[in-house]
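First up is the structure itself, then whatever we jot down about it.
The values are calculated or read from the model by the stated rules, or taken from the named source; none is laboratory data. As the structure is a prediction and not an experimental result, all values here were calculated from the model. Because the Cβ atoms are built from the backbone with ideal geometry, glycine has one as well, and the counts that use them run over all protein chains shown. Just the protein is used for accessible areas: all its heavy atoms, side chains included, with ligands, DNA and RNA removed. Shrake-Rupley method; radii C 1.70, N 1.55, O 1.52, S 1.80 Å.
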Amino acid sequence: MASQTPIRLAILDDYSGVARQHFARIPNLQIDDFPETLNPSKPADLESLASRLQPYQIVSTMRERTPFPAELIRRLPNLKLILNASARNASIDIAFANERGILVSGTKGEAPTGARDLENLPSLPPPKGHSSVVQHNWALTLSLLSRIPQDDAAVKAEGKSAWHSGLMVPVAGRTLGIVGLGKLGVGTAKVGVLAFGMKVIAWSENLTQSKADEVAEGAGLPKGSFKAVSKEQLFREADVVSLHLVLSARSRGIVGKSELVQMKKTAILVNTSRGPLIDEEAFIDVLEKGGIRGAALDVYWEEPLPKDSKWRSVDSWAKSEVVLSPHMGYVNEGTIHRWYQEQAENVERWMRGEEVLNPMS
């Protein structure tokens, strides 16, 4: 597909500004960056996004930050290749892209073997069997219970002499409730067992004790390390509730008012999965009343958070303690750089008329 006319590539939602360096070495490629996210579910944003992307043959996406529904794709007549970061993306209408002759490619995010790729990575992605989401989940949990954000701000405050601002809460020996005992749920539970001696209870719609035993043994833990319980029992007994479900029509709002009011007043809820798993209105109500000790959130009901989002002023209205981060669980430097490396390789392959790696369509 070599041509004297440059191929045009739009990089979307690269909040960290790392993508361009991986595409810049490709000849005959015109690159433009659009780091501010537009949401095609909003009519005005759909218009702006369609106008913005109309000239481009290739679009680089980062996970679900900008969805590609059919109503957007049909308005992009020049689009030939969508580069997805990671191996799946439910927010891209892949079937409709296929109908339009648009190729969708994914990435693996695994450590490369080639010398050039290794040289261009600032660090390696986590090894197989490990996830930075689990690391960040525990970072949020411990930050909340150890009061790190509050004490950090107090110690650094200019002209102040604040020292202790409150008491930390130990997790050792407490009960960890895992909602969704998949790969990330198991990873989080394993840390709880091995690092803190926590009792782990777990729930999902199809979880049985035999399945819980199977995944525990698969993680190198004894049978019985994870106890399958009812949803009601989990929210009633857990000191830390940690969410690890995939967002779907069935799981949307799966944590509602009835689950939240069952939680202990001393318990915390941690969500590094997807915001809409929780009924936002009911959650805000519980936090406003101080119904639980606190919450640690990495994901939200709309991302990025709007400037006027209520969550940006949470310290002014919540009686519960709240720690927030901007969907950082998967944003580790090794994986992000590797995803863009793989995307760049697929651009080169496509421009040469070769088969791309990890096709999703």
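Some points to look at:
- The Rg/Rh ratio for the range 100-252, using Cα coordinates for both the radius of gyration and the Kirkwood hydrodynamic radius, is 1.08.
- Amide H within-cut-off set for Gln30, under 5 Å, with H built and near neighbours excluded: Ile7, Arg8, Leu9
- Just the protein heavy atoms count here, and of the accessible area of the range 219-345 at 1.4 Å, carbon and sulfur take up 49 percent.
- Relative contact order of the chain, defined on C-alpha pairs under 8 angstrom at six or more residues apart (%): 18 percent
- Given the chain, longest segment not containing exposed loop GluC sites (Glu not before Pro) (DSSP; at most 16 other Cβ within 10 Å): 206-301
- Lys/Arg +1, Asp/Glu -1 at C-beta; the chain dipole; positive extreme among Ile11, Pro35, Ser86: Ser86
- Alpha-carbon Rg/Rh ratio, for the range 306-349, with Rh computed the Kirkwood way: 1.30
- Cα centroid separation - the range 21-68 against the range 75-108, whole Å: 12 Å
- Value of relative contact order over the range 205-263, rounded to a whole percent, pairs C-alpha under 8 Å and six or more apart: 27 percent
- Using only side-chain charges placed at the Cβ, +1 for Lys and Arg and -1 for Asp and Glu, the dipole size of the range 82-187 relative to its Cα centre rounds to 240 debye.
- Compactness check for the range 227-328: Cα Rg over 2.2 N^0.38 Å is 1.01.
- Qualifying trypsin sites (Lys or Arg not before Pro) in the range 297-361, where qualification requires a DSSP coil assignment and no more than 15 other C-beta atoms within 10 Å, comprise Lys307, Lys319, Arg352.
- Within a straight-line Cα-Cα reach of under 25 Å, Lys128 can be paired with the following lysines, leaving aside sequence neighbours fewer than 8 residues apart in one chain: Lys108, Lys183, Lys190, Lys211, Lys223.
- DSSP H segments from the chain that extend 18 Å or more along their own axis, Cα-based, with Kyte-Doolittle mean of 0.5 or above: 132-145, 183-196
- The range 225-242 - phi-based ³J(HN,Hα) in whole Hz, Karplus 6.51/-1.76/1.60, Gly and Pro as x: 5, 10, 9, 6, 9, 6, 4, 4, 5, 4, 5, 7, 9, 6, 8, 10, 9, 10
- Largest GNM mean-square fluctuation among Ala19, Ala282, Ala249, using the chain with Cα springs under 10 Å: Ala249.
- Average projection, convex hull of the Cα set of the range 46-86: 2.7 square nanometres.
- Here's the picture: charge each Lys and Arg Cβ at +1 and each Asp and Glu Cβ at -1 in the range 289-361, and of Ser309, Val331, Asn346 the one pushed furthest to the positive end of that dipole is Ser309.
- Across the range 64-168, Cα-Cα distances exceeding 16 Å account for 73% of all pairs.
- Values of log10 I(q)/I(0), in the order q = 0.06, 0.13 Å⁻¹, for the chain under a Debye, Cα-only, solvent-free model: -0.26, -1.10
- Percent breakdown of C-alpha pair distances by 10 Å bin, ordered from the shortest bin, for the range 138-206: 18, 39, 23, 15, 5, 0
- Gap separating the Cα centres of the range 257-325 and the range 194-250, nearest whole Å: 22 Å
- Translational diffusion of the range 198-286, µm² s⁻¹ [Kirkwood Rh, Cα pairs; Stokes-Einstein; 10 °C; 1.306 mPa s]: 115 µm²/s
- When the trypsin sites (Lys or Arg not before Pro) in the range 192-272 are filtered for DSSP coil states and for at most 12 other beta-carbon atoms within 10 Å of their beta-carbon, the remaining sites are Lys223, Arg250, Lys265.
- Cut-off under 5 Å, modelled amide H: who pairs with Val200 long-range: Leu176, Lys227
- Rg then Dmax, both in Å and based on the Cα atoms of the range 269-361: 19.2, 60.
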